[in-house]
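See structure below.
The values are calculated or read from the model by the stated rules, or taken from the named source; none is laboratory data. As the structure is a computational prediction, the values presented were derived from the model and not from experiment. Cβ atoms come from the backbone with ideal geometry, glycine included; neighbour counts cover every protein chain shown. With ligands, DNA and RNA removed, areas are computed over all heavy atoms of the protein, side chains included. Shrake-Rupley method; radii C 1.70, N 1.55, O 1.52, S 1.80 Å.
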Amino acid sequence: MKKNEILNKWLWKWHFIAGLISLPFILILSVTGIIYLFKAEYEQPRQKHIKEVVAQGTPISFQEQWEIANKNTTKKPNSMVIPTAPTEASEFISGRFGGKTSLFVNPYTGNVTGQVIPKTSLMFKVRKLHGELLLGKFGTKIIELIASWMVVLIITGLYVWWPGKGWKLKGFFIPRINIDRRTLFRDIHAITGFWFSILLLMTLAGGLPWTDVFGSNFKQIQKITNTGYPSSWQGKQLQSQLQSEPLSLDQMVVTANALALSGDVMVHFPKGPKGVFSVSNINPSDLESQKMFHFDQYTGKQVVENTWDDVGILMRGRMWFMAFHQGEFGLWNWVLMLCVAIALTIMSISAIISYILRKRKGNWGVPKVPTSFKVGYGIVSLLIIVSIIFPLFGVSLLLIIGFEYFRKRSAKKM
C-alpha cells in the first residue's frame, strides 16, 4: 500500500499526542481488567460458607424461607434464585445493579447463612476503578473519553505502522532487535497492536454501552428504533386479576422448574396485589436461551412469554459485546480476554519505554509536520462522523484545535 507520507506524519503526530495523554489511563484499564477477570476465583472461596450448606433432612418450604428473608432484610427481597443442588443455600435478592444485596437462607434449618453485598467487596472497587476511576460520574466520562480516543489510536496506529514498502513478512511477527532499544520497544508496541486491533475494538464495543454520554445516546437510539427489550419484558404494565388468595412461592417454583430453563433461574415477586410473578433465566454463555415469563399471581396462568427473538437487534448486539467484554462465553472467551488485557498492558508499557528512550531533555518529542500540510476533506468528514458517534471525543478535539490555533497565533506574534 502506497502511503501519503505527509498525512502519515500528521497522523503519527496525533497518535503520539493522544497516546501520551491516554497511556496512564489505558494502563489502569488493562491491569484492572486482568484483575477483574479473576472475580469468580477470588470470591468463590470467600463466599463458600454463605452459599453452601449441608443437606440434612427435609427442607422447609420456599414460602417460609421468603418470610425469614423478609424479617432479616431492611429492604424486602424482589426475587429469588432457585437452588439447583441440595447443598445450595436459597438466595433472596433485594435491589438492583449497584444497590443489589443477596441474603442466603439455609433451606434445612431456616438460619440466615449470611449476606453478599457486592458494593462492599474488593472486586466491586476494582470494577469501579476500571469503569470510573473511583470518581463517580466524572470518572465515567474520563473513561469514556479515553475509550473514544482508543478507537482513534487503533485506527491511526494501523495506518502509521502499516509498511509502505521494503518490509518482509517477518516484520509482522518479530520485532527488530538489531537496531536499538527504542526500535525494539516500538515494534513490540506496534506488532502487538496490529494483531490485537480487531479484538481491542470488539472489547471497546462491549465497554462503551456502560458509559454516560455514548451509552445514553445508544439507549435513545434503541428507544426510537424500537430495537431494545420489548415493553412487556419487565412486565410493569401487566396485571393480575384480584382474587382471595395468591399462589405460594413453592407453587411458582414448581411452575418455573417445569419451564426447564438453562442457567440461573429467578422468580421475581409481584409488586403489590395486582402485580405478576415473573420467571427469567440468566445465561450469559448462551444469550439466545434467555427468556422471560409472566404469570398471574392468583391463578398461575401465563400472561406473557418473551424469548430472545423478541429482543431488538441493537440490544442483542449490545448484550453480546458486553458478555464478550467480560469473558462470559466460556473458557475460550475468558482466556481470550485475558490475552487481550495482557497484550494491552504490554502495548502500554512498551510505548512508555519507547517514548522515554525517544524523549530529549526539554522537549516533549512530538513529531514534526510540515506547516504547508492541509487536512483534506475526507479526513475532516471522518473526524466529524467520529465526533458525532463519540461526543466527548468531539469536544476534546475542538479543545485541541482551539489550543493549536492560539498557540500558532502566539508564535507568529513572537
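Might you let me know whether segment 164-183 holds any residue that is in contact with a Lys or Arg (Cβ under 7 Å, 6 or more places away or on another chain), open to solvent by less than 40 Å² (accessible area, probe 1.4 Å), free of Cβ contacts under 8 Å to residues at least 12 places away in the same chain and farther than 30 Å from Glu43 by Cβ? Yes, some residue in segment 164-183 is in contact with a Lys or Arg (Cβ under 7 Å, 6 or more places away or on another chain), open to solvent by less than 40 Å² (accessible area, probe 1.4 Å), free of Cβ contacts under 8 Å to residues at least 12 places away in the same chain and farther than 30 Å from Glu43 by Cβ. For Ser248, the conditions (1) without any contact (Cβ under 8 Å) to a residue 24 or more places away in the chain; (2) closer than 23 Å to Gln65 by Cβ all hold with the exception of (1). Determine, yes or no, whether Gln63 is farther than 30 Å from Val380 by Cα and not in a helix (DSSP H, G or I). In short, no. For the condition modelled with pLDDT of 95 or more and either within 23 Å of Ala147 (Cα to Cα) or assigned to a helix (DSSP H, G or I) (or both), Thr203 qualifies.
Restricting segment 366-390 to residues that are in contact with a Lys or Arg (Cβ under 9 Å, 6 or more places away or on another chain) and of a type in the set (A, V, I, L, M), the residue that is nearest to Ile6 (Cα to Cα) is Val369. Here Glu144 meets the list (1) crowded, with 18+ Cβ neighbours inside 10 Å; (2) modelled with pLDDT of 90 or more; (3) more than 27 Å from Asn217 (Cβ to Cβ) almost entirely, failing just condition (3). The set of residues in segment 235-260 that are in contact with a strand residue (DSSP E or B) (Cβ under 8 Å, 6 or more places away or on another chain) and closer than 30 Å to Ile313 by Cβ comprises Gly235, Leu238, Gln239, Ala256, Leu259. Going by what's in this entry, would Ile349 be described as in contact (Cβ under 8 Å) with a residue 24 or more places away in the chain and not charged (D, E, K, R)? When the stated conditions are applied, Ile349 passes them.
In the set Ile6, Ile17, only one residue is at pLDDT below 95, within 30 Å of Trp149 (Cα to Cα) and open to solvent by 60 Å² or more (accessible area, probe 1.4 Å); that residue is Ile6. Cβ separations smaller than 6 Å between residues 6+ apart or across chains give the following pairs from segment 76-94 residues that are acidic (Asp, Glu) and in a strand (DSSP E or B) to residues that are open to solvent by less than 30 Å² (accessible area, probe 1.4 Å) and at pLDDT 95 or above: Glu91/Val81; Glu91/Ser102; Glu91/Phe104.
Cβ-Cβ distances below 6 Å connect the following pairs, each with a first residue in segment 38-65 that is open to solvent by less than 60 Å² (accessible area, probe 1.4 Å), a second residue that is in a helix (DSSP H, G or I), and a separation of six or more residues or different chains: Ser61/Asp250; Phe62/Leu249; Phe62/Asp250; Phe62/Val253; Gln63/Leu249; Gln63/Asp250.
Residues in segment 184-199 that are open to solvent by 90 Å² or more (accessible area, probe 1.4 Å) and touching a Ser or Thr at 6+ places or on another chain (Cβ under 9 Å): 1 in all.
Count of segment 118-175 residues, restricted to those that are within 28 Å of Leu382 (Cα to Cα) and not in a helix (DSSP H, G or I), is 4. Looking only at residues of segment 84-93 that are surrounded by 18 or more Cβ atoms within 10 Å (Cβ to Cβ) and either modelled with pLDDT under 95 or in contact with a helix residue (DSSP H, G or I) (Cβ under 8 Å, 6 or more places away or on another chain) (or both), we find that the one that is farthest from His49 (Cα to Cα) is Phe92.
Looking only at segment 325-363, filter to residues that are in a loop (DSSP other than H, G, I, E, B) and basic (Lys, Arg); which one of those is most open to solvent (accessible area, probe 1.4 Å)? Restricting to residues being in a loop (DSSP other than H, G, I, E, B) and basic (Lys, Arg), the top hit is Lys361.
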